[in-house]
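The values are calculated or read from the model by the stated rules, or taken from the named source; none is laboratory data. As the structure is a computational prediction, the values presented were derived from the model and not from experiment. Neighbour counts run over all protein chains shown; Cβ positions are idealised from the backbone, glycine included.
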């Protein structure tokens, strides 16, 4: 069985994106991306790293490149299972602001809900915009 004989095995949508953050630009094709400020995503803990700080003004960004062959797909799965979030197939970084541009409109998910389809998105972190007051514990 040859890879080219099994195109339906790898029928995952991918998107060509231009991603800009902190003066850096990444242009690549991705099957998955997330911008988070959480220690867990979909019930999976530490999927995006262990150094998550909620009030530092930065998001954690993970972008998974489109695998070109079965070996690349296996490497991506292995990296995710072992929490290796910065590999040749996965971009992982922190930023306070990020811009996504694409030729076509891409469906977005916002906290598990449909967020519309967009070809240009800017996400900014409003550092410490909310005051959360927690009562002191009684001694």
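Identify the residue in the range 1-30 that is within 13 Å of residue 106 (Cβ to Cβ) and not in a strand (DSSP E or B) and, among all such residues, is modelled with the highest pLDDT. Before you say what the answer is, go through the steps one by one.
Residues of the range 1-30 within 13 Å of residue 106 (Cβ to Cβ): 13-19, 29-30.
Imposing the further condition that a residue be not in a strand (DSSP E or B) reduces the set to 13-14.
Details: 13: 89, 14: 92.
My answer is 14.
Tell me the residue from 121, 103 that is over 17 Å from the mean Cα position of the chain (by Cα) and modelled with pLDDT of 85 or more, please. Let's see the steps before the verdict.
Working: 121 fails: over 17 Å from the mean Cα position of the chain (by Cα).
After applying the criteria, what remains is 103.
Those residues that are within 14 Å of the chain's Cα centre (by Cα), assigned to a loop (DSSP other than H, G, I, E, B) and modelled with pLDDT of 90 or more, I need them from the range 60-95; list them, please.
Scanning the range 60-95 gives 66, 89.
Only one residue in 49, 57, 33 is surrounded by 11 or more Cβ atoms within 10 Å (Cβ to Cβ), in contact with a strand residue (DSSP E or B) (Cβ under 7 Å, 6 or more places away or on another chain), under 24 Å from residue 128 (Cβ atoms) and modelled with pLDDT under 95, so which one is that? Step through it out loud before you land on a result.
Numbers: 57 fails: in contact with a strand residue (DSSP E or B) (Cβ under 7 Å, 6 or more places away or on another chain); 33 fails: under 24 Å from residue 128 (Cβ atoms).
Among 49, 57, 33, only 49 is surrounded by 11 or more Cβ atoms within 10 Å (Cβ to Cβ), in contact with a strand residue (DSSP E or B) (Cβ under 7 Å, 6 or more places away or on another chain), under 24 Å from residue 128 (Cβ atoms) and modelled with pLDDT under 95.
I'd like the full set of residues that are touching a strand residue (DSSP E or B) at 6+ places or on another chain (Cβ under 7 Å) and either free of Cβ contacts under 8 Å to residues at least 40 places away in the same chain or exposed (fewer than 10 other Cβ atoms within 10 Å of the Cβ) (or both), limited to the range 18-27.
Filtering the range 18-27 down to residues touching a strand residue (DSSP E or B) at 6+ places or on another chain (Cβ under 7 Å) leaves 18-22, 25-27.
Within the range 18-27, 25, 27 meet the criteria.
If I filter the range 76-98 for residues that are loosely packed, with under 15 Cβ neighbours inside 10 Å, closer than 22 Å to residue 19 by Cα and in contact (Cβ under 8 Å) with a residue 40 or more places away in the chain, do I get at least one hit? Reasoning before the result, please.
Here is the first cut: in the range 76-98, the residues loosely packed, with under 15 Cβ neighbours inside 10 Å are 77-78, 81-84, 86, 88, 97.
From what is left, the residues that are closer than 22 Å to residue 19 by Cα are 84, 86, 88, 97.
Retained after the next criterion (residues that are in contact (Cβ under 8 Å) with a residue 40 or more places away in the chain): 97.
Yes.
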